[in-house]
Amino acid sequence: MQSDRLLRYARVAARTEAVFENTWAAQNWLKRANPALGGEIPMYLLDTEMGAKQVDDVLVRIEYGVYS
């Protein structure tokens with residue numbers, strides 16, 4: 001459902017901005033392929049709740065300095 005995707009995107013975008021403390025950096029991160037996500041673009045994974053969870057897990061690792 002489109003509204004579910006929009007809510008996921010808003011939730012993850014807010015979290016990304018909080019982690020990076022910069023709107024531009026957060027938007028850039030969401031649009032670039034990410035090795036921790038198997039080379040996937042985070043924004044594209046937000047189509048599903050499972051994908052959003054993967055993105056959120058990477059954000060938690062970045063926030064706590066465990067990013068690999």
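Miscellaneous remarks
- Surface/4 of the Cα convex hull for the chain, nm²: 4.0 nm²
- Between amide H atoms placed 1.01 Å from N, distances below 5 Å from E40 occur with N34, all of them 5 or more places distant or on a separate chain.
- Backbone HN-Hα couplings from phi across the stretch 20-28 [Karplus 6.51/-1.76/1.60, Hz, Gly and Pro as x]: 8, 6, 6, 4, 4, 4, 5, 5, 5
- On Cα atoms only, tilt of 49-63 relative to the major axis of the chain in degrees: 20 degrees
All of the numbers you see were taken from the coordinates with simple rules; none came from a lab. Note that the coordinates shown come from a computational prediction; the quantities given were computed from them, not determined experimentally.
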